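Working notes for the structure below.
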Amino acid sequence: MRFVIASTGASGSIYLQKLLDALAAQAHEIHLVLSSYASQVIREEIGELHKPEGIHTHSERSMNAPFASGSTSFDAMVVVPCSMGTLGRIASGTSDSLIIRAADVFLKEKRPLILVARETPWNLIHARNVVQVMEAGATFLPAMPSFYAHPKTIGDLADSVVWRILDQLGIPAPNACRWQESPKETSSE
Ligand SMILES: Cc1cc2nc3c(=O)[nH]c(=O)nc-3n(C[C@H](O)[C@H](O)[C@H](O)COP(=O)(O)O)c2cc1C
């Protein structure tokens, strides 16, 4: 399958790294775009992003990417993590960078767009933007880890979010803890 993975300047670079690793392990075609603030947060939180071999990277300032147009088919786009700034720009349809244009294209083509947003607390503008993108067809998947799998490490906690993203993409997540189905405790570190 073909995926666009975009990352913006919200906290949670670990989710991006884990999602890339999971998709690359299953040999999917991955197109990656980072906003400049995403690069800053990655440096702050995980030091360096490990880009799996074969991944296609694109500049957020160039529209010369196949997914900047609805004429090329992709299976889904994930923005992970998604900042409130990017959420707002998607909600208002500015299309002023490759990430915002691509999100606009996925919505207009009625293709899956998954926004893994992170901020707390919210103001009313955030809440209204969430409603706006959901009404336009996006899946809003806040980066909210769960605890019922008894996570032992930060990696375990992050997995609980990444599993939900993989579920939305229809990608197998064999190690995922599922309530009343997977009693084993997980440890990814
Ligand atoms: C270390 C760091 C952490 C941040 N965490 C968040 C966050 O969790 N959520 C958020 O909406 N913005 C966060 N920001 C602010 C965004 O990076 C900022 O609003 C930026 O303009 C977003 O631009 P982008 O959406 O183009 O990446 C953070 C910034 C830094 C430097």
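The values are calculated or read from the model by the stated rules, or taken from the named source; none is laboratory data. All of these numbers come straight from a predicted model, not from anything done at the bench. Cβ coordinates were reconstructed from backbone atoms using ideal geometry, including for glycine residues, and neighbour counts include every protein chain displayed. Surface areas here come from the heavy atoms of the whole protein model, side chains and all, with no ligands, DNA or RNA. Shrake-Rupley method; radii C 1.70, N 1.55, O 1.52, S 1.80 Å.
Summary of values
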{"item": "All positions within segment 62-77 that are in contact (Cβ under 8 Å) with a residue 40 or more places away in the chain and buried (at least 19 other Cβ atoms within 10 Å of the Cβ)", "result": "PHE67, PHE74, ALA76, MET77"}
{"item": "Only one of LEU107, LEU115 that is surrounded by 16 or more Cβ atoms within 10 Å (Cβ to Cβ), away from the ligand (no atom under 15 Å from the Cβ) and outside any loop (DSSP other than H, G, I, E, B)", "result": "LEU107"}
{"item": "Residue list for segment 137-161, restricted to those being open to solvent by 50 Å² or more (accessible area, probe 1.4 Å) and touching a residue at least 40 places away in the same chain (Cβ under 8 Å)", "result": "ILE154"}
{"item": "Number of positions in segment 119-164 that are part of a loop (DSSP other than H, G, I, E, B) and among the basic types (Lys, Arg)", "result": "1"}
{"item": "Checking LEU87 against (1) under 19 Å from PHE3 (Cβ atoms); (2) open to solvent by less than 70 Å² (accessible area, probe 1.4 Å); (3) in contact with a strand residue (DSSP E or B) (Cβ under 7 Å, 6 or more places away or on another chain); (4) of a type outside the set (D, E, K, R), the condition it does not meet", "result": "(1)"}
{"item": "Within segment 38-50, tally of residues that are on the phi < 0 side of the Ramachandran plot and over 15 Å from the mean Cα position of the chain (by Cα)", "result": "7"}
{"item": "Residues (open to solvent by 40 Å² or more (accessible area, probe 1.4 Å) and touching a residue at least 12 places away in the same chain (Cβ under 8 Å)) located in segment 93-104", "result": "ARG101, ASP104"}
{"item": "Subset tally (residues that are assigned to a strand (DSSP E or B) and either small (Gly, Ala, Ser) or within 15 Å of the ligand (Cβ to nearest atom) (or both)) for segment 2-50", "result": "6"}
{"item": "ILE114 being β-branched (Val, Ile, Thr), at pLDDT 95 or above, touching a helix residue (DSSP H, G or I) at 6+ places or on another chain (Cβ under 7 Å) and within 21 Å of LYS18 (Cα to Cα)", "result": "yes"}
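Let's see how each residue does on (1) touching a Leu at 6+ places or on another chain (Cβ under 7 Å); (2) open to solvent by 30 Å² or more (accessible area, probe 1.4 Å):
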residue	(1), (2)
GLY12	no, no
TYR15	no, no
ASP21	no, yes
SER36	no, yes
ILE46	no, yes
GLU60	yes, yes
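One line per residue, one yes/no per condition, for (1) within 13 Å of the ligand (Cβ to nearest atom); (2) within 19 Å of ILE165 (Cβ to Cβ); (3) in a strand (DSSP E or B):
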residue	(1), (2), (3)
GLU53	no, no, no
THR57	no, no, yes
ASN64	no, no, no
GLY70	no, no, no
SER73	no, no, no
VAL78	no, yes, yes
PRO81	yes, yes, yes
ALA91	yes, no, no
